Ligand SMILES: [Zn+2]
């Protein structure tokens, strides 16, 4: 090996430093910076030559064609991929160890193996373990090619010989390249191995899945370096002990971001959920105070999600504000709006809010539902059954419209909801079946409605 360079890299975010320090300035993590020895690779001017003459062309002359897509056999996975798997694309699947990444990909590959040549590279489990899992899930195993190896150069050599059209690397943290002396899993190894695999996929038009484990803090080891190298980043979310698994597209060059795929974990592997709204609603005999059903939109699909709030007298100097599945800074802001524009005080109350089913809600369309759930718990006054709520709340106490209002209302009507509290501009022009629409322009109006329940 020729000349080497000593540098220091954060194992969590990949930031590089000339010398060691205790805390990473990039991501704020402690004790994540380690020494890395990298060989100095001299790039000659001709090394990056790809055989294509660069040419400037007119935009109107660009030939447009739809990417050839491969259906994975799981509709929910196709949905988060933007309508199927694209050849030559690299998809990173991240999630906690044991949440179902290998199960999902093994199912997908066994299905694809019936029509395509596919290769499953395992660096984590032995061939026996992978085969046992396939048997347990009763998957067709006659055509799936397996390789147990962790050396990137050897893996690529095998792939060049076999020419599969889809490859799974399980996982990117276990593979290593001969170019670097550091251990597998080090951020330099992850980056360099991924770079070689990405180049390989682009040159050979192979669709590539990379499995990435998430650290305890909830980030992929070296996430930033990997995220911008790949075409599509999918994350498993939700609780591990829940029956359901949610996969969110965090980045997608071939489809919408924030698209959500919903699966149920069964003894035969992951199954798609045909009616996802139903799993986020808990139906009570009688209405319960603090529980509100909201219509949210994740990606291109409307979803009905139950938001629960518990407001309780606090005995602390700083009352607690706890959010599960919703954003805590947003809650503080909404409580301030509630005080300022409706005179409802919560400074002496602990406030807990939760989105049922482990779904994470990032959109502002949940504001109104959240405020009314808090109010409902505080006043101990249940919101009647079959009421759906959505809308963004502004700092001036105005209720702003959200996108996709019609689709949200349609989803609610489909599930038998009879009343909807919506922003004025989201109120439909014509009637929605027998659904009663209450359009509100200010928080005051919404609270007024609430008083008359
Ligand atoms: Zn860092």
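A short reminder: the numbers here are calculations on the coordinates, not readings from a lab. Note that this is a predicted model, so its numbers are computed, not measured. Positions of Cβ are generated from backbone atoms using ideal geometry, with glycine treated the same way; all protein chains shown enter the neighbour counts.
Quick check: pseudo-label points 7 Å beyond the Cα along Cα→Cβ at residue 229 and residue 425, how many nm apart are they?
According to this spin-label approximation, the distance is 4.3 nm.
Kindly state, as a whole number, the per residue volume in cubic angstrom of the convex hull around the alpha carbon atoms of region 227-376. Let's see the in-between values first.
On the way: hull volume 23.2 nm³, N = 150.
Measuring per residue, one finds 155 Å³ for the Cα hull of region 227-376.
For region 323-422, compute the orientation-averaged projected area of the C-alpha convex hull (one quarter of its surface), in nm².
6.6 nm²
Once R0 is set to 22 Å, what does the formula 1/(1 + (r/R0)^6) return for the Cβ-Cβ distance between residue 438 and residue 282, expressed as a FRET efficiency to the nearest 0.05?
It comes out at approximately 0.40.
Which whole number in µm²/s is D for the chain by Stokes-Einstein, with the Kirkwood Rh taken over Cα pairs at 10 °C and 1.306 mPa s?
The diffusion coefficient I find is 64 µm²/s.
Using the basic label-point model (7 angstrom from Cα toward the beta carbon), what is the residue 340 to residue 68 distance in nanometres?
Inter-label distance under the simple model: 5.7 nm.
When ranked by the protection proxy of mean other Cβ atoms within 10 Å per residue, highest first, what sequence do the peptides 198-205, 57-64 form? Please list the in-between numbers first.
Details: 198-205: 15.8, 57-64: 5.8.
Result, highest mean Cβ count within 10 Å first: 198-205, 57-64.
Evaluate the distance, in nm, between pseudo-label points positioned 7 Å from the Cα of residue 452 and of residue 8 along their respective Cα→Cβ axes.
About 6.6 nm separates the two model spin labels.
Return P(r) of region 96-204 (all Cα-Cα pairs; 5 Å bins starting at 0; whole %; ordered from short to long distances).
2, 12, 23, 23, 20, 13, 6, 1, 0
May I ask for the Kirkwood hydrodynamic radius of region 284-365, worked out over all distinct Cα pairs and given in angstroms to one decimal?
Details: mean 1/r = 0.0720 Å⁻¹.
Taking every pair of different Cα atoms in region 284-365, averaging 1/r and inverting gives 13.9 Å.
With the radius of gyration and the Kirkwood radius both derived from the Cα set of region 68-274, what is their ratio Rg to Rh?
Looking at region 68-274, the ratio lands at 0.92.
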